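The values are calculated or read from the model by the stated rules, or taken from the named source; none is laboratory data. These numbers were taken from a predicted model, which means no experiment stands behind them. Don't worry about glycine lacking a Cβ; one is built from the backbone with ideal geometry, like all the others, and counts go over all protein chains shown.
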Amino acid sequence: MPMSGDTFARRYSVVADTRRRWSDDEKQAIIAEALQPGVNVSAVARRHGIKPSLLFRWRKLAKNDAKPEPAPAFLPVSLTASAKNRDTNCDHTTGDAPAADSRIEIELLNGRRVRVGPGADMGPLKRILEIVDGRQR
């Protein structure tokens, strides 16, 4: 007498699933769609037939591949014993600056000059330089 399960025929189904290859243009279009304000990223992924995790990975890689903001460049600095042009002087003092003065003078690309004394707060100084140089953000 056969045991239960002896007559069970094992069936295997072979699934031939291939990976879809996405061109860079297709990826960029899908990423751009997913970056729109108020858009559900998972819904965009489902609409294009991909897993949401893949779309999140594409977004992360695109963000990492984006060109970084150019780093600030160093400009030439010259030190002088006294101020020669009083019309560009940012402070309204009279008389020559003493030789032992510890202030620095920053000349911007647009020709303007800013003098900074010791102990200047760097946060406000950076904002002032951006405004004076015309790169207000």
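Kindly check whether there is at least one residue in the stretch 86-94 that is more than 30 Å from R20 (Cα to Cα), at pLDDT below 70, in contact with a strand residue (DSSP E or B) (Cβ under 9 Å, 6 or more places away or on another chain) and not in a loop (DSSP other than H, G, I, E, B).
So far as the stretch 86-94 goes, yes, one or more of its residues are more than 30 Å from R20 (Cα to Cα), at pLDDT below 70, in contact with a strand residue (DSSP E or B) (Cβ under 9 Å, 6 or more places away or on another chain) and not in a loop (DSSP other than H, G, I, E, B).
For the stretch 95-108, which positions are in a loop (DSSP other than H, G, I, E, B) and at pLDDT 75 or above?
Residues satisfying the conditions are S102, R103, L108.
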